[in-house]
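K.L.:
Below you will find the structure I want to go over with you.
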Amino acid sequence: MSDHPQQGPANPDEPDEPDFAALLASILGSADNPEVAKALAAMGIDKMDPGTMAIIGAQLKSMLSGDHTEPFNVELATDVARKSVAAEGDSTVGDVARREIEQAVEVAHLWIDAVTDLPAPAGAVHAWSRAEWVDQTMPMWRELVEPVAAGVSTAVVAAMRSQMGQLGSGEEPTAIPGLPAGLDPSALMGQVEPMLARMSGTMFGIQVGQAVGALAGTLVSGTDVGLPLVPGHGVALLPANIATFAEGLEVELSEVRLYLAVREAARVRLFAEVAWLGPQLVAAVQAYARDISIDTEGIESALQSIDPSDPDAMQSALTNSLFTPEPSPAQRLALIQLETYLALVEGWVTVVADRATSKHLPHPAALNEAVRRQRATAGPAGQIFSQLVGLELHPRRFRDAANLWAALESRGGATARDSAWEHPDVAPTAADLDDPLGYVDRFLSRGTQDEMDAALDAMLSEGGSGNEGESGKP
């Protein structure tokens, strides 16, 4: 505990700064308890400045008061992401940059019209700052992340309930340091569970905010992560990030802008016309979330090996040790499906962008290679899914998907290539990415086989009717 007594505020009209030691002591037990004092000193709370204590105290009081009971604190995530992009530097998009984006997207639509039958959606064209991207895409992040956050919250509470059950399972309940003697751990859980759920929502809000903020500083377009994040099927580009992407490429910025506009416009067309694709991506995340479990042994081991007074080390240990080392069989299937769909989207976009730009831009191959290099270093999608879902995206899948779409186009034309998106039952699978030519053969023979089956069914039906008529039976 601090040797200095709590001082009153300099301004009597301002509320007192929270006596954080007393606040925690009221939760953990007596303020005079030496174990409580040792814990507070280890966390450095007795040395914190009043402003920092006020922030932490407000967060803790919010948890205890019942605010933010949802599994994912979206307001906190948005605030953290916006502060992250502001710290790195962000500014509003000027009129000149906005017109350049609008013109690039207009040209991109004309070029794409020549290489696919998928129509351009009626969505608006957006030239966004990083903060605008955060605000506009957060609703979709919430839809994606909330099932995972709910699974984590449930698992955290279950793990704690199990620990409390073990403490109280003996003939004499095990005493918990800092709590009154004789307190029943199972009774305590009734009070602790809501707070644990809110703490989990806060933790996830911070994680999502940090991840989305990092993405906003690197991606070049609205759906650069391979997900339908932009509302209303709009085509969104980030001029500042496009300029950064163009650095060192030895390609004119206007050409880079056009190429990236083509990729984004193609991706938006795909999400707009393939109605099942977005829901399937969300369903894969939800399937993963249903089987989440917490690696309690890993968390305990990580906490034993770090300095408890280092908040960054604590957060890193908990983040890295949260999930079980190996996903369950159900989770593994969900992750394979998610990775496959993301690869198929990017592979299709790569092929369509190549066809649309090869006759118009002088350096499409160099720009495609620049995008490939970004993907090979985890890229935007790799960052977000590695942090929030535990999925490690493999660049090889993107290449395999591009090869599959190119092979299908070579054999059946652009119409056959795009018709493979008609239904999830006929879309390529993870196994098909390992055997692109086999998939092309099966897909192109599908129509002939369906026609033969229909003709055979018709013949059998006619034959059955004729026999019934001859026999006089009803």
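The values are calculated or read from the model by the stated rules, or taken from the named source; none is laboratory data. Remember, predicted model here, so these are calculated numbers, not experimental data. As a convention, Cβ positions derive from the backbone with ideal geometry for all residues, glycine included, and neighbour counts pool all protein chains shown. What goes into the accessible areas is simple: the full protein's heavy atoms, side chains included, and nothing from ligands, DNA or RNA. Shrake-Rupley method; radii C 1.70, N 1.55, O 1.52, S 1.80 Å.
K.L.:
Please pick out the residue among Ile176, Ile112 that is at pLDDT 95 or above and surrounded by 16 or more Cβ atoms within 10 Å (Cβ to Cβ).
P.N.:
Every option except Ile112 fails the conditions.
K.L.:
Note down all Cβ pairs under 7 Å where the first residue falls in the range 404-423 and is more than 18 Å from Tyr341 (Cα to Cα) and open to solvent by 20 Å² or more (accessible area, probe 1.4 Å), the second is part of a loop (DSSP other than H, G, I, E, B) and aliphatic (A, V, I, L, M), and they're at least six residues apart or on different chains.
P.N.:
Ala414/Val115
K.L.:
So if I check each of Ala81, Ala120, Ala97, Ala127, which one is of a type in the set (Gly, Ala, Ser), under 17 Å from the mean Cα position of the chain (by Cα), open to solvent by less than 60 Å² (accessible area, probe 1.4 Å) and at pLDDT 90 or above?
P.N.:
Being of a type in the set (Gly, Ala, Ser), under 17 Å from the mean Cα position of the chain (by Cα), open to solvent by less than 60 Å² (accessible area, probe 1.4 Å) and at pLDDT 90 or above holds for just one of Ala81, Ala120, Ala97, Ala127, which is Ala81.
K.L.:
Can I ask one more? When the range 424-447 is examined, which residues are found to be open to solvent by less than 20 Å² (accessible area, probe 1.4 Å) and either among the aliphatic types (A, V, I, L, M) or in contact with a strand residue (DSSP E or B) (Cβ under 8 Å, 6 or more places away or on another chain) (or both)?
P.N.:
Once the filter is applied, which keeps residues that are open to solvent by less than 20 Å² (accessible area, probe 1.4 Å) and either among the aliphatic types (A, V, I, L, M) or in contact with a strand residue (DSSP E or B) (Cβ under 8 Å, 6 or more places away or on another chain) (or both), the range 424-447 yields Ala427, Leu433, Val440.
K.L.:
Here is a further query. If I ask for residues that are modelled with pLDDT under 80, crowded, with 17+ Cβ neighbours inside 10 Å and polar (S, T, N, Q), which ones from the range 130-173 would you list?
P.N.:
Ser153, Thr154, listed by residue number.
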